[in-house]
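Trainee: After the structure tokens below, expect a handful of questions from me.
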Amino acid sequence: MLTTSLILSAIALFALIALTPRRASAHCDTEDGPAVVDGYKALQTGNINYALKWIFADGEAELRPIFERAIRVRALGGEAAELADRHFLENLVRIHRAGEGAGYDGIKPSGTALDPKVVAADAAMLDGNLQPLLKLTPAEQHAELQARFERARASLGFDVNDVAAARAHVEDYVSFFKYAEGHDHGHGHGGGCGHGHDHGHHQPHAH
């Protein structure tokens, strides 16, 4: 019943994705991307808050029952667990991108090629050194890029269970990455996310 329903839902979702043209511009929809990494952590810990920071509040009502069902079904192990995990992750990224006003064409595989600016931005978030990224961007963008970088780094120390603070960091993080990529030259935050690290590794434990 429940397992059959989940499997049928997963098959329907995968079929829809297969029929949709894929694009290479997004980074939050890669297997190595932060939304998917945090989605796995939510499944492994049973704490949906790791995932909730990637979606707006109005997406919670849709994601929560999917998460709860996935937690129940993954306890069966084997192929059922794999399908439950994938169904949740696909929906997490889809809801995230819908909230950003972006389309969704499936989770791209691990190792998907990235813009060098994204790689440099990711490294800067990890080690605090912005210089390699600055070398890849026009000088007139440096002041704004530095400001967004400092804002994103400053908001890292959140408790995973403080979803409002976690979402505020994601907003800062997205703003920094979009500007680094050259997709957001105004003061808005744009629609997308950076790539590659698990925010849970950067915060004090009290992601």
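The values are calculated or read from the model by the stated rules, or taken from the named source; none is laboratory data. Quick caveat, the model's predicted, so the values are computed rather than measured. All Cβ positions, even for glycine, are placed from backbone atoms using ideal geometry, and neighbour counts span all protein chains on display. Each accessible area value is taken on the protein alone, full model and side chains, heavy atoms only, with ligands, DNA and RNA left out. Shrake-Rupley method; radii C 1.70, N 1.55, O 1.52, S 1.80 Å.
Trainee: Would you pick out the residues in region 107-133 that are assigned to a helix (DSSP H, G or I) and either of a type outside the set (A, V, I, L, M) or more than 14 Å from Glu181 (Cβ to Cβ) (or both)?
Mentor: Matches in region 107-133: Pro116, Lys117, Asp122, Ala123, Leu126, Asp127, Gln131, Pro132.
Trainee: If you check Ala143, Ala113, Ala121, which single one turns out to be open to solvent by less than 20 Å² (accessible area, probe 1.4 Å) and more than 16 Å from Lys53 (Cβ to Cβ)?
Mentor: Ala121
This table checks each residue for (1) at pLDDT below 95; (2) open to solvent by 40 Å² or more (accessible area, probe 1.4 Å); (3) farther than 19 Å from Ile107 by Cβ.
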position	(1), (2), (3)
Asn47	no, no, yes
Ala51	no, no, no
Ala75	yes, yes, yes
Asp85	no, no, no
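Trainee: Anything in region 92-128 that is closer than 29 Å to Asp58 by Cα and of a type in the set (D, E, K, R)? List them, or say none.
Mentor: Those that are closer than 29 Å to Asp58 by Cα and of a type in the set (D, E, K, R): Arg94, Arg97, Glu100, Asp105, Lys108, Asp122.
Trainee: So the check is Cβ under 6 Å with 6+ separation or different chains; which pairs have a first residue in region 78-102 that's farther than 19 Å from Lys53 by Cβ and a second one that's among the β-branched types (Val, Ile, Thr) and open to solvent by less than 10 Å² (accessible area, probe 1.4 Å)?
Mentor: Short answer, once both residue conditions are applied: Ala80/Val73; Ala84/Val73.
Trainee: Okay, moving on. Look at Glu140 and say whether it is part of a helix (DSSP H, G or I), acidic (Asp, Glu) and at pLDDT 95 or above.
Mentor: Values: part of a helix (DSSP H, G or I): yes; acidic (Asp, Glu): yes; at pLDDT 95 or above: yes.
The answer is yes for Glu140.
Trainee: Can you give me the number of residues within region 146-158 that are open to solvent by 50 Å² or more (accessible area, probe 1.4 Å) and part of a loop (DSSP other than H, G, I, E, B)?
Mentor: 1
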